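J.: This is the structure, below, for whatever I ask next.
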Amino acid sequence: MCLGIPGRIVAVADEEAMLCVVDVSGVRRTVDVVCVAAPGAPLADLVGAWVLVHVGFAMSVIDEEEAAATLKVLTEIGEAAAEMEALTAGAIAPLASQPAGQE
Amino acid sequence: MRFVDEFRDPALARALVKEIEAISARLERGRDRPFAIMEVCGGHTHAIFRYGLEGLLPDLVEFVHGPGCPVCVLPMGRVDDCVAIAEREEVIFATFGDAMRVPGSRKSLLQAKAEGADVRMVYSPLDALTLATRNPEREVVFFGLGFETTMPSTALTVLRAAREGVENFSLFCNHITIIPTLRALLEQEDFGIDGFIGPGHVSMVIGTEPYRFIADEFKKPLVVAGFEPIDLLQSLLMVLRQIEAGDARIENQYARVVPPHGNPAALKAVAEVYEPRPTFEWRGLGSIAGSGVRLREAFARFDAERRFAVPDVKVADPAQCRCGAVLTGAEKPWACPEFGKGCTPETPLGALMVSSEGSCAAYYQYGGLRGEAA
Ligand code: SF4
């Protein structure tokens, strides 16, 4: 549960509420980006970035290679499956504020 | 080295193991017990077992698995409090899945749910907040637990609830902090640990500075590590190099994710919402001063402990359980008479058997019942 999982920010969901849409191995959900947003910069700057997502919060910006390596380890130790299961089964509204047709 | 081939860089892994062996050979003289290196993070414990890293090490070096699994250190009395809140008519009790099976003195949350309590497994505290806005006639309580990695997420959720004026959301706060815990371990008289592998994602939040006292006061090395097998081997080597040189410093092997001063936005939210409790009880370790946090007065209306009277009764672990000794690394799981008998992942007696990050579950899964290291 403490490991989190890498995902890629694909859209801004709500600028004022500091929410973005992140794609985690094909599953999308809204995440809080307060911890990775540069103060004063628009959230659009984050689109395309890889982040470490921990219980619905982007906690750190990582590079693509780091993201791939982390996913591989998580898969091998069985944590990726657990994390994805929690994400899909336990998310109340993963797509709640995803803007239509935006990538 | 049967597992090394599947590492990202098998050649590097072999070189690291060789170097570890060489240092160990140099350190051997006059040494009557192995160098015990404690990894504090449950995720590291899991990775060490999965990759069979213990099997790659010379006899003179061993990993000791520390108390870094937040589910594992939750005392029974707190689980009982959760069940008591969850069984209230008006409450929807939202929790991470990991906590569902932790045994309380009467039942786990999973059993309470089977008996009709409205317990919901959620992925994120934000999902619990959504539950609250969608069910205005109910009281939604989120079970907040975890070290500093998870603390920002619940703090930010409370701040969000305050901003949005959500009245029917509260947090049952069971967060614990790593620094007082490490201090308590180090102050134990018979604490035979020679160095630490520091937690990666806790450090991503708090940075590396807070560990300084471990080097300065207790003269032990600590290296913050990533989760790849290579990361762990490299960090272990860095610890051993310090030992050989007679050094005690805080090093950061995981600098690609861990900044020296942590995550400022996360730390700000945590400081705004939480304050240290005078003391907090841990399963198997007893009470540790300053190791838990609670909501500040300004956020009292989001505090489930203030909103619902919780029983708050201390319950001792079953007498035959060795959970405490295993948690501090003093004993291996198979020293516990219940290991693999009364206590298995399907029917856990202690929390160390519940989570995949707990050392009893790890030994059970990967080390078998033979009573030897995996
Ligand atoms: S085997 Fe079970 S009871 Fe024994 S120490 Fe481990 S978790 Fe505790």
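The values are calculated or read from the model by the stated rules, or taken from the named source; none is laboratory data. Predicted model, so just to flag it, every value in this text is computed and none were measured. Here the Cβ is made from the backbone with ideal geometry for all residues, glycine too, and neighbour counts use every protein chain on show. Just the protein is used for accessible areas: all its heavy atoms, side chains included, with ligands, DNA and RNA removed. Shrake-Rupley method; radii C 1.70, N 1.55, O 1.52, S 1.80 Å.
J.: A plus B alone minus the pair: what accessible area, both sides summed, probe 1.4 Å, in Å² to 100?
T.: Buried surface at the A/B interface: approximately 3500 Å².
J.: Related question: Sum -39500 (n - 2.57) across every DSSP H segment of at least 4 residues in chain B, then divide by the residue count to get the 222 nm mean residue ellipticity, nearest 500.
T.: -10000 deg cm²/dmol
J.: Now, a different point. Within 10 Å of each Cβ in peptide B:40-46, how many partner chain Cβ atoms are there on average? Round it to a whole number, please.
T.: 3
J.: Using alpha carbon centroids, what distance separates region A:12-61 and region B:279-309, in Å?
T.: Here the two parts' Cα centres lie 30 Å apart.
J.: Just for the protein assembly as shown, what percent of DSSP beta bridges are antiparallel, to the closest 5?
T.: 45 percent
J.: Describe numerically, in nm with one decimal, the distance between label points set 7 Å from Cα along Cα→Cβ at B:ALA255 and at B:ALA162.
T.: 3.7 nm
J.: For the protein assembly as shown, how many pairs of lysine residues have a Cα-Cα distance under 24 Å, where the two are 8 or more positions apart or belong to different chains?
T.: 6
J.: Here's another thing I want to ask about it. Kindly give the semi-axes, whole Å and largest first, of the ellipsoid equivalent to chain B, taking each as the square root of 5 times a Cα gyration tensor eigenvalue.
T.: Value: 37, 23, 18 Å, ordered largest first.
J.: Let me ask something else. Relative contact order (percent) for region B:185-272, with alpha-carbon contacts under 8 angstrom and 6 or more residues of separation?
T.: 37 percent
J.: First select every other residue whose beta carbon is under 9 angstrom from the beta carbon of B:ARG307; then total the charges, Lys and Arg +1, Asp and Glu -1.
T.: Here the charged neighbours net out to -1.
J.: Can you list the trypsin sites (Lys or Arg not before Pro) in region B:1-49 that are in a DSSP coil and have 12 or fewer other beta carbons within 10 angstrom?
T.: B:ARG2, B:ARG29, B:ARG31
J.: May I ask you to list the residues of region B:49-71 whose amide nitrogen lies under 19 Å from a point 7 Å from Cα along the Cα→beta-carbon direction of B:LYS18?
T.: Correct set: B:56-59.
J.: By how many degrees, between 0 and 90 and to the nearest 10, does the Cα long axis of helix B:229-245 differ from the longest principal axis of chain B?
T.: Computed tilt is about 60 degrees.
J.: Express the relative contact order of region A:5-89 as a whole percentage, based on alpha carbon pairs under 8 Å and six or more residues apart in sequence.
T.: Computed over region A:5-89, the figure is 28 percent.
J.: Could I ask something else about it? What value, in deg cm²/dmol to 500, does the helix sum -39500 (n - 2.57) over DSSP H runs of n ≥ 4 give at 222 nm once divided by the residues of chain A?
T.: About -7500 deg cm²/dmol.
J.: Let me ask something else about it. In whole Hz, what ³J(HN,Hα) sequence does region B:246-261 give by Karplus (6.51, -1.76, 1.60; θ = phi - 60°), x for Gly and Pro?
T.: 3J(HN,Hα) across region B:246-261, in whole Hz: x, 9, 9, 9, 9, 10, 10, 7, 10, 4, 5, 10, 9, x, x, 9.
J.: How would you order B:313-322, B:228-237, B:253-262, B:175-184 from highest to lowest mean count of nearby Cβ atoms within 10 Å?
T.: Descending packing order for the listed peptides: B:228-237, B:175-184, B:253-262, B:313-322.
J.: Continuing with this model, one more query. Mind checking the angle between helix B:151-164 and chain B's longest principal axis? C-alpha axes, 0 to 90 degrees, to the nearest 10.
T.: 20 degrees
J.: Which angle from 0 to 90°, rounded to the nearest 10, does the C-alpha axis of helix A:64-76 make with the longest principal axis of chain A?
T.: 40 degrees
J.: State the three equivalent ellipsoid semi-axes of region B:312-368, derived from the C-alpha gyration tensor as the square roots of 5 times its eigenvalues, in descending order and whole Å.
T.: Equivalent ellipsoid of region B:312-368: 18, 12, 11 Å, largest first.
J.: At a threshold of 8 angstrom on Cα-Cα distance, excluding pairs fewer than six apart, so keeping six or more, what relative contact order does chain B reach in percent?
T.: RCO, chain B: 21 percent.
J.: Now for a different question. With the crude spin-label approximation of a point 7 Å out along Cα→Cβ, what separation in nm comes out for A:SER25 versus B:GLU346?
T.: 2.6 nm
J.: In addition: So what are chain A's ellipsoid semi-axes, whole angstrom, largest first, if each one is the square root of 5 times an eigenvalue of the alpha-carbon gyration tensor?
T.: 21, 16, 11
J.: Let me ask something additional. Ordered by residue, what ³J(HN,Hα) values in Hz, to whole numbers, does region A:34-44 give under the Karplus form 6.51 cos²θ - 1.76 cosθ + 1.60, where θ = phi - 60° and Gly and Pro are x?
T.: 3J(HN,Hα) across region A:34-44, in whole Hz: 3, 6, 10, 6, 6, x, x, 8, x, 5, 4.
J.: Average partner chain C-beta neighbours within 10 Å, per residue of B:146-155?
T.: Mean partner-chain Cβ count within 10 Å for B:146-155: 4.
J.: Can you figure out the FRET efficiency of A:ASP45 with B:ALA271, using R₀ = 30 Å and their beta-carbon distance, to the nearest 0.05?
T.: Efficiency, from the Cβ-Cβ distance: 0.70.
J.: Taking N as the number of residues in the protein assembly as shown, what value does Rg over Cα atoms divided by 2.2 N^0.38 Å take?
T.: Expressed relative to 2.2 N^0.38 Å, the Cα Rg reads 0.95.
J.: Within chain B, which is the longest segment that contains none of the GluC sites (Glu not before Pro) sitting in a DSSP loop with at most 15 other Cβ atoms within 10 Å?
T.: B:218-330
J.: A further question follows. Amide H neighbours of B:PHE172 under 5 Å, counting only residues 5+ apart in sequence or on other chains, H built in-plane at 1.01 Å?
T.: Amide H neighbours of B:PHE172: B:PHE142, B:PHE143, B:GLY144, B:ALA304.
J.: Also, I was wondering about something else. In region B:47-155, which trypsin sites (Lys or Arg not before Pro) fall in coil by DSSP and have 14 or fewer other Cβ atoms within 10 Å?
T.: Filter output for region B:47-155: B:ARG88, B:ARG106.
J.: Search the structure for amide H atoms under 5 Å from the amide H of B:VAL293, placed 1.01 Å from N in the peptide plane, and list their residues when 5 or more places away or on another chain.
T.: Those qualifying (amide H under 5 Å, at least 5 residues apart or on another chain) are B:HIS175, B:ARG277.
J.: Mind checking the mean number of beta-carbon atoms from other chains within 10 Å of the Cβ atoms in A:85-92?
T.: Mean shielding by partner chains, rounded to a whole number: 6.
J.: Kindly state, to the nearest 0.05, the FRET efficiency for B:LEU186 paired with B:GLU137, given R0 = 56 Å and r defined as their beta-carbon distance.
T.: My answer for the efficiency is 0.70.
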